[in-house]
Protein chains: 2
Amino acid sequence: VTAPELEKRVTSAVDAQMALVERFFSDLRVGTRDGEGVTRASYGAGEQLAHDVMRQIAVTNNLEISTDAAGNLYATLPGRDRQAPRWISGSHLDSVPQGGNYDGAAGAIAALAALVALKDLGFQPARDLTAMAIRAEECSSWFSGHHGGHLGSRAALGLLKPDELQTAIHVSTGQTLGQSIAESGFDVEAVRRGPAFLSPRNVQGFIELHIEQGPVLVHDKLSIGIVTSIRGTLRAREACCIGAYSHSGAVPQELRQDAVLAVAELIHRLDEACTRVRSDGNDIVFTVGKIHTDAKVDSLSKVPGEVRFTIDVRSQEIAILTQVSALLDEFSKEIAVKRNVRFELGRRTLSEPTLMDRSWRSHLITGASRLGIVARELPCGAGHDAADFVRAHIPSCMIFVRNTGDSHNPSEHMELSDFRDGLRLLTWFLATVSVREA
Amino acid sequence: VTAPELEKRVTSAVDAQMALVERFFSDLRVGTRDGEGVTRASYGAGEQLAHDVMRQIAVTNNLEISTDAAGNLYATLPGRDRQAPRWISGSHLDSVPQGGNYDGAAGAIAALAALVALKDLGFQPARDLTAMAIRAEECSSWFSGHHGGHLGSRAALGLLKPDELQTAIHVSTGQTLGQSIAESGFDVEAVRRGPAFLSPRNVQGFIELHIEQGPVLVHDKLSIGIVTSIRGTLRAREACCIGAYSHSGAVPQELRQDAVLAVAELIHRLDEACTRVRSDGNDIVFTVGKIHTDAKVDSLSKVPGEVRFTIDVRSQEIAILTQVSALLDEFSKEIAVKRNVRFELGRRTLSEPTLMDRSWRSHLITGASRLGIVARELPCGAGHDAADFVRAHIPSCMIFVRNTGDSHNPSEHMELSDFRDGLRLLTWFLATVSVREA
């Protein structure tokens with residue numbers, strides 16, 4: 001297969017798979033509908049239905065099927081060298097409660113449709129190509145208690161700590177993660193015992209197609225994007241400012257300990273600082289998603305004695321996150337002294353940015369250009385399974401597909417023509433990485 | 001009675017009344033105790049108990065007793081000229097739920113004890129001096145629906161609109177104000193019909209002693225203060241900023257419509273503007289007592305699409321309040337454009353400051369100095385019955401007594417020695433205004 005010919009063949013082979021793709025999305029929507037959206041709980045009925053649909057398509061198309069101890073599903077197009085580390089593509093099949101139909105599922109079916117397209121082309125890859133349907137990526141909606149998130153991919157990659165099998169508690173059934181895995185028919189003891197099902201020894205790379213969770217591609221009028229990195233986060237989930245309640249008319253301003261004015265100053269100064277960081281060309285976003293005076297005691301005519309709030313800062317650069325963390329300390333100390341209040345910022349968590357593999361990113365850019373698809377690079381602000389593959393030292397990359405609605409919301413929407421661009425690029429990528437590595 | 005002798009005689013006559021005062025406070029505390037505090041609902045059992053105690057003291061001391069149609073109680077030391085407009089002193093006997101024992105009651109017993117002291121001195125005033133126990137000043141705690149507050153004094157002064165008898169609804173009994181007045185044994189038809197029981201034709205002036213509701217006298221280590229004016233208020237009870245919810249990681253800052261960052265900027269800029277107003281020597285206090293993102297949908301990782309908040313600005317100068325109101329418009333418009341959000345500030349109410357009578361204020365300053373009491377002038381931030389007398393064109397003034405605890409709270413506390421300073425000044429004032437006007 002020569003290069004110009006490849007792009008033509010990939011394009012027509014992918015177009016032939018669109019009926020399969022449409023039926024998949026329709027089966028999932030009908031089977032897991034919940035009000036306006038869909039609900040596919042991690043290790044729940046909706047997720048299982050989606051796995052069953054995936055498996056049936058893989059069976060119909062004569063792909064090799066396997067399942068790991070945590071219930072992740074693998075459908076493989078065998079390569080010439082069965083011993084060579086394989087390429088994996090995929091995403092998760094669970095969803096947030098009443099979420100959108102494409103978040104996760106688009107990446108799983110894209111991987112499977114790419115393999116079917118390549119198979120239909122009579123293409124035999126140099127090494128195994130595997131479509132992976134991942135469990136429990138949205139587990140923070142479904143499991144409370146202590147756990148590190150992304151339970152399915154982390155179990156497959158050996159990153160799940162045995163403790164999490166006990167400490168992650170399903171929000172509706174009350175079962176532990178271990179019980180939930182066992183109940184779903186998988187091998188919790190093998191998860192606990194290891195070894196990891198996936199590792200750099202048997203996986204050469206991972207590529208994930210995912211619907212974008214922000215408006216960048218809509219804003220730039222592009223069907224797909226190529227992810228540069230997954231932003232790291234600096235978070236304070238339980239920040240608090242303590243002042244003193246007093247009468248809003250009878251107490252002079254200079255004798256007050258006003259928690260709202262203190263927090264407003266803190267937020268505004270952090271906002272200004274982040275704006276400066278951005279105007280210096282660095283990546284940063286800053287969010288205070290929750291702010292509340294105490295509804296039990298607050299009043300129009302009472303100086304507020306307490307405010308609770310959250311802080312979420314994200315950046316592709318760890319240095320920027322540590323810089324903002326230092327500013328948070330500096331500003332809150334200054335304001336506490338000036339305004340006679342006390343800040344209790346609570347536990348602050350820092351998660352490092354995850355860089356997508358530079359070489360495969362540039363290969364994706366090449367592919368988009370060959371296929372005549374205009375794509376841009378963009379950072380990713382949300383967590384994805386791909387980040388866990390990077391943490392397990394498996395080079396990874398991601399393709400984003402434009403989302404014309406919201407994320408984690410029934411209004412999430414993806415045009416099939418946009419998905420098709422993403423699927424063309426993914427299929428081309430899997431065909432070419434396999435050839436290149438042969 | 002010559003002047004230097006008057007101060008001595010007032011001082012010793014007042015000191016002789018302190019046992020009566022202590023018994024009054026004790027009877028009220030025991031009779032209306034509710035947990036740590038006291039509860040005396042407007043037109044309720046606790047308020048009635050306090051009126052009964054007042055009446056009994058007046059009877060015992062042979063003062064003339066009368067009641068108006070709304071149930072306000074009057075105890076009068078007759079003057080030489082019974083036709084001359086009288087001086088009234090007093091305050092309310094109701095309280096907020098689980099409030100302090102002194103808020104209101106201190107001013108009612110002070111008026112009565114002053115008259116008893118003057119009577120014991122064999123002092124016959126030139127005109128009637130009347131102690132008034134006022135109903136329903138704390139009615140905003142007890143009556144919901146539409147009403148203008150301070151129901152007792154406003155009824156006595158003819159300021160109550162007949163509608164309010166229907167539209168004010170008792171929060172626990174569900175009765176209208178009219179029904180509550182009738183149920184308490186008073187003449188609701190006469191309240192409705194008028195004429196006003198008190199007017200500038202039959203009242204020359206009003207003086208109210210009240211426990212301070214702020215910390216100014218504690219801060220300045222003074223037992224009493226003389227009120228300059230009751231601050232006016234600019235209020236927005238239901239202000240709101242509407243942005244758009246989105247993902248805190250996936251949406252670039254410049255594409256966000258972040259309601260929290262917008263409100264933080266608005267609050268901080270208003271705070272800075274008010275600080276400038278104060279540093280120019282003007283009176284202003286600024287409070288945002290309530291701020292809430294929507295707890296049903298907010299999240300650490302969601303750009304906030306809505307914030308609700310309150311604004312309460314108080315000043316002794318109406319011009320300052322209108323200036324801040326204009327700044328609120330200016331800032332919110334600028335910020336809305338800059339941050340792509342919408343402010344819905346809701347109904348804004350402006351109540352004018354109420355100036356205490358300059359001539360009687362300076363007479364109080366003279367009195368404090370003659371009595372050897374160090375007092376300061378200070379603004380009053382809360383509403384008081386005295387403001388209604390001013391609105392009815394009756395010159396009024398107020399004495400504040402130091403509060404070593406909080407206001408509208410069981411921790412409210414007044415030292416009896418501080419009260420005694422206030423009572424000395426009040427008694428001296430009533431003796432001298434009566435002489436001066438004879």
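In region B:225-251, burial by the other protein chains removes 40 Å² or more of 1.4 Å probe accessible surface, compared with the chain on its own, from B:His247, B:Ser248, B:Gly249, B:Ala250.
Relative contact order of region A:251-379, taken over Cα pairs closer than 8 Å and 6 or more residues apart, is 27 percent.
Here the accessible area of the protein assembly as shown is 49 percent carbon and sulfur, with a 1.4 angstrom probe and all protein chains present. For chain A, what D do you get in µm² per second when you plug the Kirkwood radius from alpha-carbon pairs into Stokes-Einstein at 10 °C and 1.306 mPa s? In µm²/s, the coefficient rounds to 68. The distance linking region A:348-419 with region B:344-364 is 61 Å (Cα centroid to Cα centroid, whole angstrom). Summing Cβ point charges (Lys, Arg +1; Asp, Glu -1) relative to the Cα centre of the protein assembly as shown gives a dipole of roughly 740 debye.
Per-residue mean of foreign Cβ neighbours for A:309-321 is 2 (Cβ atoms of other chains, 10 Å radius). Which residue, B:Ser248, B:Ser229, B:Ser42, has the most motion in a Gaussian network model of chain B that connects Cα atoms within less than 10 Å? Among B:Ser248, B:Ser229, B:Ser42, the largest mean-square fluctuation in the Gaussian network model of chain B belongs to B:Ser248. Remark: accessible area buried at the A-B interface is about 4300 Å², both chains counted, probe radius 1.4 Å. Karplus-derived 3J(HN,Hα) values for region A:134-150, using 6.51 cos²θ - 1.76 cosθ + 1.60 with θ = phi - 60°, are 9, 8, 6, 6, 8, 5, 5, 7, 10, 10, 9, x, 9, 7, x, x, 6 Hz; glycine and proline are entered as x.
With K and R counted +1 and D and E -1, the other residues having a Cβ less than 15 Å from that of B:Glu5 yield a net charge of +3.
In terms of its C-alpha gyration tensor, region A:288-405 comes out prolate, because a/c is 1.5 or above and the ratio a/b outweighs b/c. Normalising the average separation of contacting C-alpha pairs (under 8 angstrom, six or more residues apart) by the number of residues puts the relative contact order of chain A at 22 percent.
In nanometres and ascending order, the distances from the B:Ser172 label point to those of the other copies are 4.3 (point 7 Å from Cα along Cα→Cβ).
Using amide H atoms built in the peptide plane, which far-off residues or other-chain residues are under 5 Å from B:Leu160 H to H? Close amide H contacts, sequence-distant or interchain: B:Ala155. For the residues B:Ser91, B:Ser223, B:Ser141, a GNM of chain B with alpha-carbon springs under 10 Å puts the largest fluctuation on B:Ser141. The charge dipole of region A:287-371, taken about its Cα centre with unit charges on the Cβ atoms of Lys, Arg (+1), Asp and Glu (-1) only, comes to about 140 debye. For a paramagnetic label modelled on B:Arg391 (point 7 Å from Cα along Cα→Cβ), amide N atoms under 17 Å away belong, within region B:132-150, to B:134-150.
Just tell me, in residue order, which DSSP H segments of chain B are both 15 angstrom or longer along the helix axis (alpha-carbon based) and at least 1.6 in mean Kyte-Doolittle hydropathy. Long hydrophobic helices here: B:105-120. Say the dipole of the protein assembly as shown comes from +1 at the beta carbon of Lys and Arg and -1 at that of Asp and Glu; which of B:Gly90, A:Thr432, A:Thr322 then lies farthest toward its positive end? Positive-most Cα among the choices belongs to A:Thr322.
Using a probe of 1.4 angstrom and keeping all protein chains present, the accessible surface of the protein assembly as shown works out to 38 square angstrom per residue.
DSSP bridge analysis restricted to the protein assembly as shown gives an antiparallel fraction near 70%, rounded to the nearest 5. Derived value for region A:1-117: Kirkwood hydrodynamic radius 15.2 Å. Basis is the mean of 1/r over every pair of different alpha-carbon atoms.
Counting every pair of alpha carbons in the protein assembly as shown, the share spaced more than 55 Å apart comes to 35 percent. Scanning residues 5 or more positions from B:Thr228 or on other chains, those with amide H under 5 Å from its amide H are B:Leu378, B:Cys380, with H placed 1.01 Å from N in the peptide plane. DSSP assigns beta bridges within chain A; of those with both partners inside it, close to 70 percent run antiparallel.
Given a 10 angstrom Cα cut-off, can you work out which residue in A:Ala113, A:Ala136, A:Ala236 is the most mobile in a GNM of chain A? Answer for the Gaussian network model of chain A: A:Ala236.
Normalise the Debye intensity by I(0) for region A:97-246, one equal point scatterer per Cα, no solvent, then take log10 at q = 0.11 Å⁻¹ and round to two decimals. Each listed q maps to, in turn, -0.62. Between B:Glu254 and B:Gln56, full extension at 0.36 nm per residue minus the direct alpha carbon distance yields a gain of 64.1 nm.
Each Lys and Arg contributes +1 and each Asp and Glu -1, all at the Cβ; summed about the Cα centre of region B:165-241, the dipole is approximately 240 debye. Its residue count N sets the reference 2.2 N^0.38 Å, and the alpha-carbon radius of gyration of region B:268-343 equals 1.30 times that reference.
Between B:Val218 and A:Ser144, the FRET efficiency estimated from the beta carbon spacing at R0 = 51 angstrom works out to 0.60. Annotation for region A:17-82: GluC sites (Glu not before Pro) lying in DSSP loop with at most 11 further Cβ atoms inside 10 Å of their Cβ are A:Glu36. Of the trypsin sites (Lys or Arg not before Pro) found in region A:69-103, those in coil by DSSP whose Cβ has at most 15 other Cβ atoms within 10 Å are A:Arg80, A:Arg82. The distance linking region A:143-158 with region A:80-121 is 20 Å (Cα centroid to Cα centroid, whole angstrom). Threshold 10 Å², probe 1.4 Å: give the residues of region B:266-289, in number order, that are less accessible with all protein chains present than with their chain alone. Hits at the 10 Å² cut-off: B:Ile267, B:His268, B:Asp271, B:Arg278, B:Val285, B:Phe286, B:Thr287, B:Val288, B:Gly289.
The values are calculated or read from the model by the stated rules, or taken from the named source; none is laboratory data. As the structure is a prediction and not an experimental result, all values here were calculated from the model. We place every Cβ from the backbone using ideal geometry, glycine too, and count neighbours over all the protein chains shown. Heads up: the accessible areas ignore ligands, DNA and RNA and are worked out on the full protein's heavy atoms, side chains in. Shrake-Rupley method; radii C 1.70, N 1.55, O 1.52, S 1.80 Å.
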